[in-house]
Amino acid sequence: MSTGTQHSATDPRNESVLVWVDGALVPRAEATVSVFDSGFVLGDGVWEGLRVVGGHPVFLEAHLDRLEQGARALLIDLPPRPELVDAIYRTLRANEMTDGVHLRLMVSRGVKATPYQDPRVTIGPPTVVVVAEHKVASPETAADGITLFTTHVRRAHPDTLDPRLNAHSKLNDVTACIQAYTAGADEALMLDPDGFVATCNSTHFFVVTRAGELWTSDGRYCLHGITRANVLEVARDAGIPTHERTFSLTDVYDAAEAFVTGTFAGAVPVRLVDGRVIGRGLPHEGGRGPVTARVQELYAAHVAADVARRS
């Protein structure tokens with residue numbers, strides 16, 4: 001069965017978690033929003049996924065910066081940052097969660113007077129939901145990697161749907177994911193409008209060239225990824241030649257290594273793209289290469305340093 005980097009084993013503890021909904025902690029089965037909510041009616045809202053380690057959401061400030069940037073662009077009046085931070089920590093404490101936790105903070109524009117797109121018919125404050133789950137990335141996936149399929153669904157121009165917005169509406173990513181898994185792959189590799197490699201449907205994409213350079217897209221057609229930025233930082237600090245640039249599928253098929261990054265799973269190797277084995281002819285052919293393994297180590301240390309600073 002094909003699985004993506006977001007998949008994890010079912011944890012029965014999640015059936016009894018408490019969910020934050022507009023200032024109240026309620027049992028998961030009772031956690032609901034109105035059918036007139038902007039997020040349900042239109043996908044009108046912003047969100048963040050956060051990994052929790054040692055009782056703390058990792059890189060919290062960067063995630064809240066991105067949330068606020070999106071809200072400003074969409075004219076959504078977020079609650080003050082301290083209230084959002086308080087909601088996150090109260091949810092974690094109520095569920096006695098410290099490690100092996102993934103958290104999703106969702107904010108919609110709020111309840112509408114009628115199911116219509118105009119933001120001016122919103123009649124209440126933004127809806128704020130915090131869902132925390134016991135959820136651990138698969139160690140096998142981190143070691144063995146995933147497969148990708150290049151979808152015909154392209155990343156949009158910013159004047160159509162700005163790909164830098166982490167908005168509730170993810171339909172083009174969903175359709176890309178559908179095409180990938182129906183083709184037998186784990187996730188979708190997506191191109192920009194000019195046919196260059198952009199990103200994946202839920203993660204960011206990197207290649208390691210046969211000359212040992214680390215490449216990722218120039219960033220114009222992908223989300224401002226928190227993990228992506230952290231990987232770029234730690235790789236450069238470690239002396240790995242690292243570039244944000246345009247490149248094509250020909251470069252991907254010839255790569256020595258490839259991996260994807262995301263908040264939940266960190267850095268995950270890619271072993272196959274469009275039927276081409278990554279690293280063909282090299283000792284690690286179709287597996288995790290040495291640069292990918294080094295990036296995983298560097299990123300894990302970066303996470304540990306952030307948690308230590310909060311503790």
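Taking the Cα centre of each part, how many Å lie between region 150-212 and region 230-296? Using only Cα atoms to place each centre, the spacing works out to 16 Å. Sequence-ordered 3J(HN,Hα) estimates for region 275-281 from the Karplus curve with 6.51, -1.76 and 1.60 and θ = phi - 60° stand at x, 8, 6, 6, x, 4, x Hz, glycine and proline given as x.
Against the chain, whose longest principal axis is taken from its Cα atoms, helix 226-237 shows a tilt of about 40°. Could you tell me whether region 80-127 comes out rounded, prolate or oblate from its Cα gyration tensor? Rule is a ≥ b ≥ c as square roots of the eigenvalues, rounded for a/c under 1.5, then prolate if a/b exceeds b/c, otherwise oblate. Since a/c reaches 1.5 and a/b is larger than b/c, the shape of region 80-127 is classed as prolate. Compared with the dominant principal axis of the Cα atoms in the chain, helix 171-182 is inclined by about 50°. Shape verdict for region 14-134, please, from the Cα gyration tensor: rounded (a/c under 1.5), prolate (a/b greater than b/c) or oblate. Note, shape of region 14-134 comes out oblate. Based on DSSP H segments of at least four residues, each scored -39500 (n - 2.57), the chain has a per-residue ellipticity at 222 nm of -9000 deg cm²/dmol.
Cα centroids of region 8-38 and region 112-138: how far apart, whole angstrom? Spelled out, the Cα-based centre of one part sits 12 Å from the other. Extension gain, Tyr253-Ala211: 0.36 nm per intervening residue step, less the Cα-Cα distance, totals 13.7 nm.
Arranged from fewest to most other beta-carbon atoms within 10 Å of their beta carbon, Glu15, Glu187, Glu285, Glu133 become Glu15, Glu285, Glu133, Glu187.
Here the translational diffusion coefficient of region 154-235 follows from Stokes-Einstein with Rh set to the Kirkwood radius across Cα pairs; for 20 °C and 1.002 mPa s it amounts to 159 µm²/s. Among beta bridges identified by DSSP and lying wholly in the chain, the antiparallel ones come to about 85 percent. Top mean-square fluctuation among Leu171, Leu78, Leu298, Gaussian network model of the chain, C-alpha springs under 10 Å? Per the Cα network of the chain with a 10 Å cutoff, Leu171 tops the list.
Between Glu15 and Arg90, residue separation times 0.36 nm minus the direct Cα-Cα distance comes to 25.2 nm. Largest GNM mean-square fluctuation among Thr151, Thr114, Thr160, using the chain with Cα springs under 10 Å: Thr160.
Calculate how steeply helix 290-310 sits against the longest principal axis of the alpha-carbon atoms of the chain, using the helix alpha-carbon long axis, and give the answer as 0 to 90 degrees to the nearest 10. Between the helix axis and the principal axis of the chain, the angle is about 30 degrees. Please work out, to two decimal places, the log10 of the ratio I(q)/I(0) at q = 0.14, 0.18, 0.23, 0.30 Å⁻¹ from a Debye calculation in which every Cα of region 249-290 carries one identical scatterer. Rounded to two decimals, the profile gives -0.29, -0.47, -0.71, -1.01. Taken one residue at a time, the phi angles of region 101-112 give Karplus couplings (6.51, -1.76, 1.60, θ = phi - 60°) of 10, 10, 10, 10, 9, 10, 10, 9, 5, x, 7, 9 Hz. Gly and Pro are set to x. Under a Gaussian network description of the chain, with springs only between Cα atoms under 10 Å, the residue in Thr199, Thr32, Thr98 that fluctuates furthest is Thr32.
Bear in mind these aren't lab numbers, they're just calculated from the coordinates by the rules spelled out. The structure displayed is predicted, hence computed values, not measured ones. All Cβ positions, glycine included, derive from the backbone under ideal geometry; neighbour counts span all protein chains shown.
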